[in-house]
Every structure is written in C-alpha cells, then in structure tokens.
Amino acid sequence: MKRVSEIAMSFDQDLIQDLIDTPSTNRKQLTIACALLSDVITNKLPPRQKEIITLYYYQNLNRKEIASLLHLEYSVVCRTLRRAKINIKKEMQFCFSYLISAQED
C-alpha cells in the first residue's frame, strides 16, 4: 500500500508552517486542512490509533517495526492503522462538508 505523503499526514508544526509560508493560491484552504488534520489526529483518535499513526507516518516505521516496538501482533498494527485512517477520513469529510456549507451561507 502507498503511504500518504508527509504533507497530507504529518502534523509536525514546523512542516505545517513551511507549507503555510509557500506561495499558493489555496493557502487558506491548506492552512485549514493542516489545522483540521492536526486536530483530528491529536484530539479525535483513540490513544493506540494516534500512537500507531504517529509511528507510521511521522517516524516512518513500517508495520513490522511498530509491532515489534509496541509488542503487538502484526495483524493488530495493520487493523489499528486501517481503522485510524478510516476515522481520520470520516472526521475530515465531516469538517470539510461543514466548512463548505458555512461558506455558501
């Protein structure tokens, strides 16, 4: 499976600031998306999902390395990572649909 780029998944504040500082026609949307993603990861995910997402995307560990580090079965890491991605996607879709409807009013 392809990893989502660090731009999409990293919630490192320095990276977000770098993205905000780059010239872009969609700077405001990018800023909102990064802030929402950061909020979803830090506040909406259960601790185990947050931990695995952080290790996978931010620390660039693979599933086997995460399983070994956390003393978990490989299948548990795969399942938790998949559920975390689903939860992030649901939260982000909800947030963006809310923002779009607010802009139309």
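At-a-glance table
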{"item": "Segment 62-103 - residue that is at pLDDT 90 or above and of a type in the set (Val, Ile, Thr) and, of those, surrounded by the most Cβ atoms within 10 Å (Cβ to Cβ)", "result": "77"}
{"item": "Looking only at segment 37-71, and only at residues there that are over 14 Å from residue 83 (Cβ atoms) and in a loop (DSSP other than H, G, I, E, B), the one that is farthest from the chain's Cα centre (by Cα)", "result": "71"}
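The values are calculated or read from the model by the stated rules, or taken from the named source; none is laboratory data. Computed from a predicted structure; not experimentally measured. Cβ atoms come from the backbone with ideal geometry, glycine included; neighbour counts cover every protein chain shown.
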